[in-house]
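First up is the structure itself, then whatever we jot down about it.
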Amino acid sequence: MLRFVKNFVFFIIFCLFQIFYQGNFFVKPIIDLLLIFLILSFFDFPTIYITILILIRGIIFDSLSGLPWGINLLSLAITFLFGFLLTRFLERENFISRIIIGETMMGSYWLSLYLMSLLIAHQPLGVIMILNFFINSCLYSGFLFFNYYVFAKKNNYQR
Amino acid sequence: MMKKNKLVWNFLSGVIIIIALFLIFKIYFLVQNPLQENTIIILGNENQTILFKTFNRLNSWFNDFFHFNSLRNQVQNLKEENNNLLEQLVELKNLQEENSSLKEAFNVKQTAKWHLVPAQIIMIDPSGLTGNFWINQGQNNGLKPGMNVVLANQVLIGTLKECFSNYCRGESIFAPQTRIGVKDVANNFLAIIEKDNQGRFILKLVPREANIQPNDLLITSTENNNFVPGLLVAKVKSLIPSESSLQEYLVEPLFISNQLFSVFVITNSVF
């Protein structure tokens, strides 16, 4: 129970950080800490709990971003469906699997967001989405490596 | 038999998940307005942003901690500057009086045309993809979509797109596909500012004979459908070399800050 509380508190902190510090007037690549946090949590928490977090993020981003309603939630749903399907074929606890699953999720998120914003909102954000994907995947891998080498024993990673 | 049962069970689970997802999305789209409005109220209410204020304090503290050497130098410089400024203050007082009388004579008519409602920017698009922002005034203060949002020094920020009773969503000039008709203050040439795919602002359709210089100021022209004429938009940065008959310039928007701040809404600017 305590780990859920801790995770949720971290989620709220990242959420507020993203809202008040990451957003700006300039349309430019940003570090999406909340997405990275969600993908990292996805491996260690049950699907229903992750669904609730996805819904909260979807509501906040759909409300504030100004993109047509539902784009953010749909992108997240597609992303985590991909992730869920991949965990059927790959091991959740394996380090390499986590990198593959996480990077695929990251890619599918930015790709689906790009396609939806292009088709529904008619906004050409290609370069920014690619940069976003690149920056966030690097950061995700960084976090995973850090987690792997620092907390390897604690998390019982399969090397 | 066991294998068959497992297959049926997996199939049924899949169907249930799909139905559940469908229902969630259906409800999500049905309750769009209350969800959106409540999210803005929860996150944007000034009394409830204690976390935001804590963040700000922490941010300032860490900033001071990591830059104490430069802060010390700055204090020293400021002291010297303060002395110089005090000397200049006396001279400036006379100039100010002269300036204000001239302003009254020439500019009052221009500024009096606009009815301004002060507002505060409370939130900005967290995804960084749209250049959207939220202000803490809404329909109750007479704000409507289409009104222009400016800084105190008449620098254009953007327009309002959506208004609730106490909040409004605006779109800044940094939004993708922004296109603004502008006029060069120095020599009155008309041109268009467009945002390219790399996020740069380009001044387009400038004839070769236009004598545009770096740092020339550009204001909104009368050709715009969305913007009040005469608002400051950008300054010219450099010429983009090309062989075409029309020149292109790289321009720098005058509104560059990404901090939350006070703005004004021009209420008689609905198009």
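Nothing in this text is a laboratory measurement; each read-out follows from the coordinates by a stated rule. Predicted, not measured: the structure shown is a model, and the values here were computed from it. Virtual Cβ from ideal backbone geometry, glycine too; neighbours counted across all protein chains shown.
For chain B, which span is the longest to avoid every loop-located (per DSSP) member of GluC sites (Glu not before Pro) having at most 12 other Cβ atoms inside 10 Å?
Numbers: sites that count: B:GLU209, B:GLU243.
No qualifying site falls inside B:1-208, the longest such stretch.
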For peptide A:63-75, the mean count of other chain Cβ atoms within 10 Å per residue Cβ is 6
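DSSP loop (so not H, G, I, E, B), at most 15 other Cβ within 10 Å: list which trypsin sites (Lys or Arg not before Pro) in region B:154-213 pass both filters.
Values: sites: B:LYS161, B:ARG169, B:ARG179, B:LYS183, B:LYS195, B:ARG200, B:LYS204, B:ARG208; in loops: B:ARG200, B:ARG208.
Within region B:154-213, the qualifying trypsin sites (Lys or Arg not before Pro) (loop, at most 15 other Cβ atoms within 10 Å) are B:ARG200, B:ARG208.
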At R0 = 56 Å the Cβ-Cβ FRET efficiency linking A:ILE13 and B:LEU7, nearest 0.05, sits at 0.80
Per 20 angstrom bin, beginning at 0 and ending with the bin that holds the maximum distance, the Cα pairs of the protein assembly as shown fall in percents of 21, 48, 26, 5, 0
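If R0 is 56 Å, what FRET efficiency do you get for B:GLU97 and B:ASN225 from their C-beta distance, rounded to 0.05? Before the final figure, lay out each step's value.
Values: r = 41 Å, r/R0 = 0.73.
So the FRET efficiency works out to roughly 0.85.
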Filtered hits (aspartates and glutamates, Cα-Cα < 17 Å from B:LYS26, offset >= 8 within chain) -> A:ASP62
Stokes-Einstein, Kirkwood over Cα pairs, region A:66-159, 25 °C, 0.890 mPa s; D in µm²/s equals 170
Once both label points are put 7 Å beyond Cα along the C-beta direction, the B:ASP64-B:PHE25 separation in nm becomes 5.1
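As an exercise, use a Förster radius of 30 Å and the Cβ-Cβ distance of B:LYS235 and A:ILE56 to find the FRET efficiency, rounded to the nearest 0.05. Display every interim value, and only then the final one.
Numbers: r = 42 Å, r/R0 = 1.40.
Once the sixth-power term is evaluated, E becomes 0.10.
Sorted from largest to smallest, which semi-axis lengths in Å does the alpha carbon gyration tensor of chain A give for its equivalent ellipsoid, taking the root of 5 times each eigenvalue?
Numbers: eigenvalues 134, 59, 47 Å².
Its equivalent ellipsoid spans semi-axes of 26, 17, 15 Å.
At a temperature of 10 °C and a viscosity of 1.306 mPa s, determine how fast chain B diffuses translationally according to Stokes-Einstein, using the Kirkwood radius over alpha-carbon pairs as Rh; express D in µm²/s, rounded to the nearest whole number. Don't skip to the answer; put the middle values down first.
Working: Rh = 23.0 Å.
Roughly 69 µm²/s, to the nearest whole number.
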Here, B:ALA186 and A:PHE134, labelled 7 Å along Cα→Cβ, have an inter-label distance in nm of 3.6
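Please identify the helices of chain B, taking whole runs of DSSP H, that span at least 18 Å along their own axis as judged from the Cα atoms and have a mean Kyte-Doolittle score of -0.5 or higher.
On the way: long enough: B:2-30 (42 Å, 1.49); B:50-66 (24 Å, 0.08); B:68-106 (48 Å, -1.00).
Helices passing the filter in chain B: B:2-30, B:50-66.
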